[in-house]
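I have placed the structure first, in the form of C-alpha cells, so that the comments after it can refer back to it.
Just so it is clear, none of the values below were taken in a lab; they were calculated from the coordinates. Keep in mind that this is a model prediction, so the values were computed, not measured. Glycine gets a Cβ as well: all are built from the backbone with ideal geometry, and neighbour counts include every protein chain shown.
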Amino acid sequence: MNVQTTAIINAFVVTVDAEFRCVSPGTVVFNQQRIVAVGPTDTTPVPPDARVIDGRGRTAVLPGLIDVHSHSSLLKGFSENAQLIDWLPEYQREHQVLTEADAYHACLISYLEALKGGTTTVLDMYRYLPQGARAAEELGLRVHLVPYAADHPTKRFFETLATTEDLLRECHGVADGRVRCWVGLEHITYCSAEMFRDALALSDKYGVPIHTHTSEQREEVEAVQAIFGRRPVEQFAEYGILRPGTVLAHCVWLDQRELDLVAETGTSVAHCPVSNAKLACGGPLDLQAMKSRGISVGLGTDGSISNNALSQWENMKFGSLLQKNATLDAAALPAADALRMATIDGARVLGQDREIGSLEVGKQADLITVDLWQPHLMPVAPAEGHEPVLWNLVYAARASDVRSVFVAGREVVAGGSALGVDEDSVLERVHRQTVDLLGRRRGVRAIPMVGE
C-alpha cells in the first residue's frame, strides 16, 4: 500500500513532549501510520516524495486538542441565566423528545464545530450514539461515545445499560479504532445502586471505562448528602466505580477526603471551566490540590448547550485565568500547563496518551496548524530571551485561526473548511432538524432534578 507522507516545514512546532520542546523553524514529518520525524527544519530530512507544506515562519503546529467532556446538542442559547439545579430540568426537555435523527444532526454539528477549531478527539456523553459514530466517521475525528444512562422513574427518557451494551457491541473500535465506547451514568441521583453494580459489571465485561458527573454545584452536593448521608465521591467509593479508567466530570466541590479518594484510586477528572463559570457553579476546581496528589485532569467544554461554544482555546485561556484569580497567583497554570491539559493530559484521562496528545516519533499524527500571521497573534518574533508565540496561542488564539487538521495522518480540515462534508448542506439540514425539534419540545414540561 502506498502511504502518503506529509512534511510541514518552517513552522513553530509545539511538541508537548516530556521536555515541552518548541522548535522554530521546525519540521514535522508524518504519514497515516505514525509521526516519522520532529525537529529543526535545517536538520530534519524530508523524503523526496513527501507532500510539503511550507509554514514560512507564519504557522504553528500543535497536537490536536482533546475535549474530555462534552454533550452534543442541537441547541445553544435556549437554557440561559440559570444555575445548575434549575438549568438541568430545562436542558432535559430536549432529551424528552429526542429522536435518532435529532441525535445524528446534533453530533454532526457539534463534531464539525469542534473539528474546525482544532479538536481532534471528543468524549461525547449523549444519546442514540450509533448516530455519533456515524457522524464521526463522516468527519474523520476521534470520539469516545458515552451514553447518558439512568433508571430513575422520572428519568426514563435517558439511555439504559441494555442500549449501552448494544452500542459497545456495534460501535466500539469502528472507523479504524477512532470510535471508542464507554459505560456512562448520568448522575448519582438518577441511577439506582443496582444500576451502579450492573454498570461496573458491564465495564468489566467489555474492558471499557466508566464516566459520570459529580459535584458541579454546592447545592447539588447538599442534595446528594441528604439522600445518601455521605458526599458524592464517598458514595462512588461505596459503589466501587472509583478506579483507573473512571473519569469524573466537574468535581468543583470536592473536599479533602474526596480528593484523596480520587487520587488513591487512580480516578481521573474532566475540568470544564467555561461551562462551570457560566452556570455559576463557584470554585473553580482546586487544580493545585489535584495536581499535588497526582490526579490526571483534562479540559472539557461540557457541550454547546451550557458553554455556547466548543472551543478548547477559550477553555485554555479562561481555565488559566480562573486559577490565577482564585489563587491570587499570576503564575498559576501558565500557558504550557494549560496546553498540556488540552492535549497530553486529556489523552491520559482518556487512556490514549501512548497514541496521541503530543508530537513524538511513533505516535499517531493527530495535529493541527494555526495561522499566526494575524493582528491578534502578533508578534511572532522572540527577543530578550522571551518567546511570545506559545503565550499568544493560549491567551489570544481563536478556533477560527486553525487552518489544517490531521487525524491519524489524514487531512480532515484544509484552509479552515472540513473535507468530509459539504458544510452549507450540513448547516441547512441542521437548521431544519432544530426547528423540528423545537416544535416537538414546545409544551414539554421540565422535570425537577431528583432529590431537589
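Calculated mean residue ellipticity, 222 nm, the chain: -11000 deg cm²/dmol, from DSSP H runs (n ≥ 4) at -39500 (n - 2.57) each, averaged per residue and rounded to 500. Of the cross-linked pairs LYS278/LYS363; LYS116/LYS278; LYS155/LYS291, those separated by over 26 Å at the C-alpha level are LYS278/LYS363; LYS155/LYS291. If you wrap the tightest convex hull around every Cα atom of the range 1-43 and split its volume per residue, you get 70 Å³.
When HIS431, HIS376 are sorted by how many other C-beta atoms sit within 10 angstrom of their C-beta, beginning with the fewest, the order is HIS376, HIS431.
Dividing the convex hull volume of the alpha carbon atoms of the range 65-349 by its residue count, what do you get in Å³ per residue? Intermediate values should be presented prior to the final figure.
On the way: hull volume 32.5 nm³, N = 285.
Considering the Cα atoms of the range 65-349, their hull volume per residue is 114 Å³.
Work through the residues other than VAL444 whose Cβ is under 15 Å from its Cβ and net out their charges, Lys, Arg +1 and Asp, Glu -1. Surrounding charge for VAL444 is +3. The angle between the Cα long axis of helix 161-171 and the longest principal axis of the Cα atoms of the chain comes to about 20 degrees, rounded to the nearest 10. Rg/Rh for the range 140-273 (Cα atoms only, Rh after Kirkwood) is 0.97. Modelled spin labels at ARG293 and LYS205, positioned 7 Å past Cα toward Cβ, are 3.2 nm from each other.
Counting other beta carbons within 10 Å of each residue's own, what order do ARG127, ARG243, ARG432 fall into, fewest first? Don't skip to the end; give the middle numbers.
Working: ARG127 25, ARG243 15, ARG432 11.
Least to most surrounded, the residues fall as ARG432, ARG243, ARG127.
Could you list PHE196, PHE157, PHE236 in order of exposure, starting from the residue whose Cβ has the fewest other Cβ atoms within 10 Å?
Going from sparsest to densest Cβ surroundings: PHE157, PHE196, PHE236.
Each residue of the range 286-299 was assigned a 3J(HN,Hα) from its phi angle through the Karplus expression (A = 6.51, B = -1.76, C = 1.60, θ = phi - 60°), giving 7, 5, 4, 5, 5, 5, 5, 8, x, 6, 6, 10, x, 9 Hz with x at Gly and Pro. Residue by residue, the range 111-117 carries 3J(HN,Hα) couplings of 5, 5, 4, 4, 5, 5, x Hz when phi is fed to the Karplus relation 6.51 cos²θ - 1.76 cosθ + 1.60 (θ = phi - 60°); x denotes Gly or Pro.
Distance from the Cα centre of the range 340-419 to that of the range 259-324, in angstrom? If we compute the Cα centre of each part, the gap is 20 Å. Expressed in units of 2.2 N^0.38 Å, where N is the residue count, the Cα radius of gyration of the range 381-452 is 1.92.
Converting phi to 3J(HN,Hα) with the Karplus coefficients 6.51, -1.76 and 1.60 and the offset θ = phi - 60°, the range 206-211 yields 9, x, 10, x, 10, 9 Hz in sequence order, with x at every glycine or proline.
Rg/Rh for the range 279-324 stands at 0.98; both radii use Cα atoms, and Rh follows the Kirkwood definition.
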